[in-house]
Every structure is written in structure tokens, then in C-alpha cells.
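So the structure is just underneath, and the comments pick up after that.
The values are calculated or read from the model by the stated rules, or taken from the named source; none is laboratory data. From a predicted model like this one, the values you see are computed outputs, not experimental measurements. Virtual Cβ from ideal backbone geometry, glycine too; neighbours counted across all protein chains shown.
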Amino acid sequence: MRWRFSVPFLLATLMIFPVIPTQGLQDENLVDEPGSLLDVRVFSADCLTDVVCELHQPEHLLEYFSADWCEPCEQVSQQVNALNRTDTFVIQHHSSNQDLTFLSESKLRFDQEFRLLFYPSLVVDGEHLLTGTRQAMDLNTTLNDSTPNSSGLESMSVRNGTVSWNATEEHVLRIWYIEPTPHSIENRIHPHLARSYWELNSSTSSLNLTQFETAGNGSFAVMLERPGIRTLTVSSEAPTGRVEVDGQESAKSSEDQRWNPAWLAAGTAGGLLVLLLPALFMHRRLMNNPPEKQFLENE
């Protein structure tokens, strides 16, 4: 009798255990702070030939992830390029290795820091996410509602081609070089495309940029950041509209970009159930026709 009830109990336990949520345990073990954008300064590449140059602190930083093969990106690119705001600095990233102007550092930012999946994607001030053509229409509203508290870079200057700074906290300093670049397929220009990248510890305090090849119409964005995975907030209640992933159109919403461990648990439970079906049938057969009864019938 004990054996008769232990097997169903064991099977039920094995089926239920994989679907127990693990998110709570994971959250308790998280000790690292999420990544964040602390401060930004921008200046023109012309500053490298001047004796002294002034730097500008934009109120907003817009990072636009697109690809030349991405058809929905055409509409969003027109919107971003027509953005008539003096308080916003734009960096366009080509993070797809299918592009001729692919930049590996942009891909690392797309994949590892922002954990994005779809093109086009817009990240405002390192915090707010807009995905697809429909959500991109809320860009101005998102910029108006965002109030970043930028600080950390002090006494920053460019003299004789060397950029110097004093960071109040020791984090990572990232310098992006942005340059107008022709579209690889169409006859138009990407005005804000990231072409080069440098990363160093903020305690280094200076970097000579004259050793790198630049153009007079280019610009630099210097970011003080806390490295790590970003926690982005979807800043539009609208559906994503048209998006593309790996060159194919998709209608998934931006919420699908957040991996849900419950899906894996449910799939595991389903697969385990399929594997256990033969054992369940055998167990029921033994219960209905135990060996003692079969022996007596044979006698």
C-alpha cells in the first residue's frame, strides 16, 4: 500500500518542481548595481585643431539602433534626422554585422548592456526604451518627460587635441566618435553614425585624440557610465508597430524582450510529462492487475 501511493506522489513532485518560480531567489542574490549613464559631454572634431575648445553638456542623449537592411528603420531614421531639438545629442548605432558600417562596440551595447532584440530601437538618456515605428512616434513626448540628473564630469576641456577631465567617481569613461556616413544601399546620409570607440577608466584623466583618424565634420561624445546591464523602461503604451530581428519582420512587442523564466519551466514540465507517460500507464496497469492476482488466475 505504501508503494502504491509513493509513485504518484513522486511523479507529481517531479512535475510541479520545475514550474516553481526562481525569480525571487535570483533577485536575492543580485548584488551588483545595474549599469547607468551618469554624465555626457560632446564636442566637435574641429576642437582637435584648436588651442582651446568649449564642451557642451546636452540635456538628453538619444541612442538610435538601426540597420541599413532594416526597412522599418527608414521611417524612424527620417524622424530622428528631422528632430529639431538643440537639447538632444544623437548617436546612431549600426550593431548588426550585416551592415558595411558595423561597429562591434555598438553590438556589445545592443546585446549585453541594453539587452535589445529588435530594430529599430531608441534609448533615451540610458533609461527609456522605444521599439518599432509606432512607439518611435512618442519620441518627443519621452524626451519632454525625461529629467536626467547628469553629473560626475568636472573641469573637462580639450587643449591641443587632448581631452582632459576630472571624474568625481571612479567608473568607466567611454568616448564615441560620430561622423556623417553614407547609407550603404540608398542615396542618403546617416548624420550621426558611430564610427569609433574608446573605453578607459575615468581615473586616467586624459586622452590624446590626435592619434586617431577623424573628419572635420565629425563629433565626439564622452560618457561617464557605471558599467552593467541596464534596466530600461518602455516609455510608450502604444504597440511596437513594425520591427525587424535578424533581417526578418516581427510583430512582437517590446515586452517580449524580457526573458521570462516561467516559459522555460513550463516547457520543462511538459517535456517531463511526455517522458513519464509510459511509466504512468505501466503503474496504472500494475495497480489494476497486480502480480499476485495474475498468479492466482494462472493457477
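Some values worked out for this structure:
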| item | result |
| --- | --- |
| Selection from the stretch 166-206 of residues that are free of Cβ contacts under 8 Å to residues at least 60 places away in the same chain and over 30 Å from residue 67 (Cβ atoms) | 166, 167, 168, 170, 201, 202, 203, 204, 205, 206 |
| Selection within the stretch 208-233 - crowded, with 21+ Cβ neighbours inside 10 Å, in contact with a His (Cβ under 8 Å, 6 or more places away or on another chain) and not in a loop (DSSP other than H, G, I, E, B) | 224, 225 |
| Criterion violated by residue 115 - all others in (1) on the phi < 0 side of the Ramachandran plot; (2) outside any helix (DSSP H, G or I); (3) touching a Phe, Trp or Tyr at 6+ places or on another chain (Cβ under 9 Å) satisfied | (1) |
| Filtered residues of the stretch 37-53 (kept if within 13 Å of residue 219 (Cβ to Cβ) and either at pLDDT 90 or above or part of a loop (DSSP other than H, G, I, E, B) (or both)) | 40, 41, 42, 43, 44, 45 |
| Total residues in the stretch 46-91, condition closer than 23 Å to residue 127 by Cα and charged (D, E, K, R) | 4 |
| Qualifying residue in the stretch 171-192 (condition: closer than 24 Å to residue 47 by Cβ, of a type outside the set (Lys, Arg) and assigned to a loop (DSSP other than H, G, I, E, B)) | yes |
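Condition check ((1) modelled with pLDDT of 95 or more; (2) in a strand (DSSP E or B); (3) within 23 Å of residue 229 (Cα to Cα)) across all residues:
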| site | (1), (2), (3) |
| --- | --- |
| 101 | yes, no, no |
| 122 | yes, yes, yes |
| 142 | yes, no, yes |
| 149 | no, no, yes |
| 158 | no, yes, no |
| 197 | yes, yes, yes |
